[in-house]
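> Okay, handing you the structure first.
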Amino acid sequence: MTDVRIGRRAFLRAVGGVAAGTVVTACDDRSRQRGDAPQSSKTLVVRDIGGAYGAANRKAVYEPFSKETSIKVDVVNIPRYAQMLAQIKEGRPQFDLIDIDMSALARFERADATLELDYDRLKNARNAGIADSLLASHGIGKNYWASVMAYRTDQFGGRAPRSWADFWDTGAFPGVRALQSPDAGPPELEFALLADGVTLDRLYPLDIDRAFRVLDAVRDDVREFWVDGATPGDLLERGAVTLSSVWHGRPNALIKRGAPLAYQWNGARRQSNGFGIPKGARNVDAAYRLIDFALRPEVQSSFAKAYPMGPVVPAAYRYLPREAADLASSPEHLYTGFDLDVDWWVKNSEAVTKRWRQWARS
């Protein structure tokens, strides 16, 4: 499993003229599938995280898939990796398909818990412009998301922070900060290194000692460590903090309600959710069919309209109005952020997390 790197030039080419060919190919494949694939009344069980994300999956993916194939889709919202792994190892997974971030899929692969994917069964992944790193042996990317900086717009005398260096500049941008807890994902060491002048293309392998030295400089001002996607927006809305890392899209409802909040995209850390098939799955054929369905450009765009995650198939942007394309994989943001190195974090997560917890207690 390699890191999640968008091939920027390839992605931009695919959004443009090349993407038109991709749409035709996907449509041709769909026609063949509709004509050749047998209908099934079996039930497919998918694991996803539920909430607004699950509702978007239901609307944009599961219900249209069931209507086309007669395969019923049930959902389980098992929250913990360890719980899912235990079920697989015991040979009794409650799910046929896993929807989870690519880092977790890399961990499942290392634990020999997922099937190696047969890409001959995923026609809509062929020549679709999906980043090579998302076409992994035991998992395939489905949607991009990003961690970005959010801030209160009624602070700082009308000025706006423009980079992670500004997040660290407590003189120019005073106030309490918040960062992500390791309980919600990899510690945000990359943001500290960007604040200290490391360029996007030189981040990995992370200089851990340097990152913690930079974190020390802002420790007294970081007083909140959030563990779920809703908390940063709540902290910002209440004025408990003035700046925070957030999962892009989560505070959108607050912003629409008039909360004085905004994002800045410089230094965004991109990741991808993906699909994996557990060993012991009872309906492998239906799992492949749903994966392939979810990678159609029009399905990718439907999901992006329902939930603020970016398509992995560039041609999907041809179905999205420009004003709705403020997403992690949109052409506007490809050069302002970076892609989390899945391999590096899988290898180093335990040691870094232990050190981070010691730092947070200091």
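> Relative contact order for the chain using alpha-carbon pairs under 8 Å, separation at least 6, rounded to a whole percent?
With pairs under 8 Å counted, the relative contact order is 29 percent.
> Ok, one more. What three numbers, in Å, describe the spread of the alpha carbons of segment 93-235 along their principal axes, ordered from the longest?
56, 33, 29
> Give me the Kirkwood hydrodynamic radius of segment 72-126, using the inverse of the mean 1/r over all pairs of distinct Cα atoms, in Å to one decimal.
Over segment 72-126, the inverse of the mean reciprocal pair distance is 12.6 Å.
> Show that you can apply the helix-only estimate: for the chain, add -39,500 (n - 2.57) for every DSSP H stretch of four or more residues, divide by all residues, and state [θ] at 222 nm to the nearest 500.
-11000 deg cm²/dmol
> Per residue of segment 307-312, what does 6.51 cos²θ - 1.76 cosθ + 1.60 with θ = phi - 60° give for ³J(HN,Hα)? Whole Hz please, x for Gly and Pro, Karplus curve as stated.
In residue order, the calculated couplings are 8, x, 10, x, x, 8 Hz.
> Shifting gears a bit: Which of the aspartates and glutamates could a cross-linker bridge to Lys72, judged by Cα under 14 Å and excluding same-chain residues fewer than eight apart?
List returned: Glu63, Asp96, Asp285.
> Now, a different point. Of Lys42/Lys67; Lys59/Lys142; Lys42/Lys142, which pairs sit farther than 20 Å apart, going by alpha carbon to alpha carbon?
Lys42/Lys142
> I'd like the orientation of helix 208-218 relative to the chain: the angle between its Cα long axis and the longest Cα principal axis, in ° from 0 to 90, rounded to 10.
50 degrees
> Can you tell me how much longer the chain between Arg162 and Arg282 gets when fully stretched, taken as 0.36 nm per residue apart minus their C-alpha distance, in nm with one decimal?
Stretched out fully, the Arg162 to Arg282 stretch lengthens by 38.3 nm.
> Measuring from label point to label point, each 7 Å out along Cα→Cβ, what is the Arg322 to Ser70 span in nm?
Using points 7 Å along Cα→Cβ, the separation is 4.6 nm.
> Another question, then. Considering only DSSP beta bridges with both partners in the chain, what is the antiparallel share in %, to the nearest 5?
60 percent
> Would you please give the residues with an amide H less than 5 Å from that of Val45, counting only those at least 5 places away or on a separate chain, with H modeled from the backbone geometry?
Asp74, Asp96, Leu97
> Over the Cα atoms of segment 130-193, how large are the radius of gyration and the largest Cα-Cα distance (Dmax), in Å?
16.3, 51
> Moving on to the next point. Using a Gaussian network model of the chain with C-alpha springs under 10 Å, which one of Ser329, Ser272, Ser66 is most mobile by mean-square fluctuation?
Looking only at Ser329, Ser272, Ser66, the biggest GNM fluctuation is shown by Ser66.
> Calculate what fraction, in whole %, of the accessible area of the chain sits on carbon and sulfur atoms when a 1.4 Å probe is rolled over the protein chains.
47 percent
> Given a cut-off of under 8 Å on Cα pairs at least six residues apart, what relative contact order in percent is computed for segment 128-235?
Normalised by residue count, the contact order of segment 128-235 is 26 percent.
> A further question on this structure: Taking N as the number of residues in segment 238-336, what is its Cα Rg relative to 2.2 N^0.38 Å?
1.31
The values are calculated or read from the model by the stated rules, or taken from the named source; none is laboratory data. Please read these numbers as outputs of a predicted model, since none were measured by experiment. For neighbour counting, all protein chains shown are included, and Cβ atoms are generated from backbone atoms with ideal geometry for every residue, glycine included. Accessible surface areas use protein heavy atoms only, side chains included; no ligands, DNA or RNA. Shrake-Rupley method; radii C 1.70, N 1.55, O 1.52, S 1.80 Å.
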